[in-house]
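All remarks here apply to the structure that follows.
Since every read-out is calculated from the coordinates, none of them should be taken as a lab result. Keep in mind that what you see is a predicted model, and the values were worked out from it rather than measured. Methodologically, a virtual Cβ is constructed for each residue, glycine included, from the backbone with ideal geometry; neighbour enumeration extends over all protein chains shown.
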Amino acid sequence: MKLLTYSENGIEKVGVLTQDQAHVVSIEEAGLSYKTMNAFIQNITIEEKQVLENYIKENKGILKDAIQIQAPIPHPQQDIICLGINYMAHAVESARYKEEAFGGERPYAVYFSKRVNRAGADGSIIPAYENLVDSLDYEVELAVIIGKDAKNVRQEDAFEYVFGYTIINDVSARNLQTRHKQWYFGKSLDGFLPMGPYIVTEDCFTRPPVLSICSRVNGELRQNATTDLLIFGISHVISELSQGMTLKAGTIIAMGTPAGVGMGMQPPQFLKSGDEITCEIEGIGSLTNYVR
Ligand code: MG
């Protein structure tokens, strides 16, 4: 199923895309009372999911173009957990840009977090912060949504805890990211997390999902890879983190970005006001945002 959050007459609703991909059914109409995607993820039962799947086969819903799609999880309950330097070719380009910040041996996964006051929708603006940021960059990433509280999970059981997947753009201010040593500030400015347009449930993919992932800036292909190139994969990450911390249902884990970001170009090419960035992942969709 492809799930989304949308607003209708100013009210946020959770919906499901119908099979023609052109219509949306609200879960309320299908008899479910969850008001937000977080509540849906935390509480949905197998039986309710079945009801929903049957309902969208028989009901047409409203035209997708007639509603305003929001980020699927507009208000993440906690900071996003992010993987840094998790594709080899991106490790190489990052070290070339700034060895002291991105170089060196990394026998273990790099984890950092990203504050998100409100996730941006498909079509939303990424603020340029021209007085603060001189090196605005994009990062297309596969994001894993945890479906039930995960603690001490074995690698072989990890996908049992995955609710679904979405696309995020881990927008980054490189000058802030490297100046402050820890990446938190440079990753967390308002508008720096476009997400969506859909969460596609885990049952629609192989374990692990092997998907093409790419980004374009003003139509020019920049990043182009597949998710089987992850250095530390989804089951490794869920298992490792859950040995020490509970990953609550609704947790968002961004799996890192492939090569081809602006700082990796020679010379680097950063985003500027007026640019259009599209992030695409096979089987999920595409997410386009505008720098202003
Ligand atoms: Mg990233």
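Amide H contacts of Gly84 (H built 1.01 Å from N, in plane; Pro and chain starts excluded): Val110, Tyr111, Phe112 sit under 5 Å, all sequence-distant by 5 or more or on other chains. Under 5 Å between amide hydrogens, built in the peptide plane, is the criterion, and for Lys248 it picks out Ala150 among residues at least 5 positions away or on other chains. Whole-Hz Karplus values for the range 119-135 come out as 6, x, 7, 4, x, 6, 8, 9, x, 7, 6, 5, 8, 10, 10, 10, 8 Hz, taken residue by residue from phi with 6.51 cos²θ - 1.76 cosθ + 1.60 and θ = phi - 60°; glycine and proline positions read x.
When DSSP beta bridges are restricted to pairs lying wholly in the chain, around 90% turn out antiparallel.
Looking at the range 143-292, I'd like the Rg to Rh ratio, where Rg is from alpha-carbon atoms and Rh is Kirkwood's inverse mean 1/r.
0.98
Note on the chain: helix-only mean residue ellipticity at 222 nm, from DSSP H runs of 4+ residues weighted -39500 (n - 2.57) and normalised by residue number, equals -4500 deg cm²/dmol. The charge dipole of the chain, taken about the Cα centre with unit charges on the Cβ atoms of Lys, Arg (+1) and Asp, Glu (-1), comes to about 600 debye, rounded to the nearest 20.
For the chain, set up a GNM with springs between Cα atoms under 10 Å and report which of Met245, Met88, Met255 has the largest fluctuation. In the Gaussian network model the winner is Met245.
Of Gly191, Thr288, Ile145, which is farthest along the charge dipole of the chain in the positive direction, counting Lys and Arg as +1 and Asp and Glu as -1 at C-beta? With unit charges placed on the Cβ atoms, the residue in question is Gly191. Rounded to the nearest whole Hz, the Karplus-based 3J(HN,Hα) values (6.51 cos²θ - 1.76 cosθ + 1.60, θ = phi - 60°) of the range 65-75 follow the sequence 5, 8, 10, 9, 6, 9, 4, x, 10, x, 10, with x at glycine and proline.
Placing unit charges on the Cβ atoms of the charged side chains and taking the dipole of the chain about its Cα centre, the candidate lying farthest along the positive direction among Ser215, Leu132, Ser113 is Leu132. On the principal axes of its alpha-carbon atoms, the range 221-292 has extents of 43, 25, 24 Å, going from largest to smallest. For the chain, modelled as a GNM with alpha-carbon contacts under 10 angstrom, which of Ile67, Ile238, Ile167 fluctuates the most? Of the options given, Ile67 has the highest mean-square fluctuation. Over the range 30-118, the alpha carbon radius of gyration divided by the compact-protein estimate 2.2 N^0.38 Å works out to 1.69. The dipole here belongs to the range 172-271: it is taken about the Cα centre, uses +1 on the Cβ of Lys and Arg and -1 on the Cβ of Asp and Glu, and is about 400 debye.
Amide H contacts of Glu139: Asp170, Val171, each under 5 Å away and 5 or more positions distant or on a separate chain (H built 1.01 Å from N in the peptide plane; Pro and chain starts excluded). Sequence-ordered 3J(HN,Hα) estimates for the range 199-216 from the Karplus curve with 6.51, -1.76 and 1.60 and θ = phi - 60° stand at 9, 9, 5, 4, 5, 7, 10, 6, 10, x, x, 10, 10, 6, 9, 8, 9, 9 Hz, glycine and proline given as x.
Within the chain, all pairs of alpha-carbon atoms sorted by distance into 10 Å bins from zero give the percentages 6, 30, 36, 21, 6, 1. Binning all Cα-Cα separations of the range 1-152 at 10 Å, short to long from zero, yields these whole-percent fractions: 9, 30, 29, 20, 11, 2. Structure remark: mean-square fluctuation, Gaussian network model of the chain, C-alpha springs under 10 Å; the largest value among Glu58, Glu240, Glu160 belongs to Glu58.
The lysines whose alpha-carbon is closer than 25 Å to the alpha-carbon of Lys187, local same-chain residues fewer than 8 away aside, are Lys98, Lys114, Lys248, Lys272. Positive end of the dipole of the range 1-66 (Cβ unit charges, origin at the Cα centre): among Thr18, Leu32, Tyr55, the Cα lying farthest that way belongs to Thr18.
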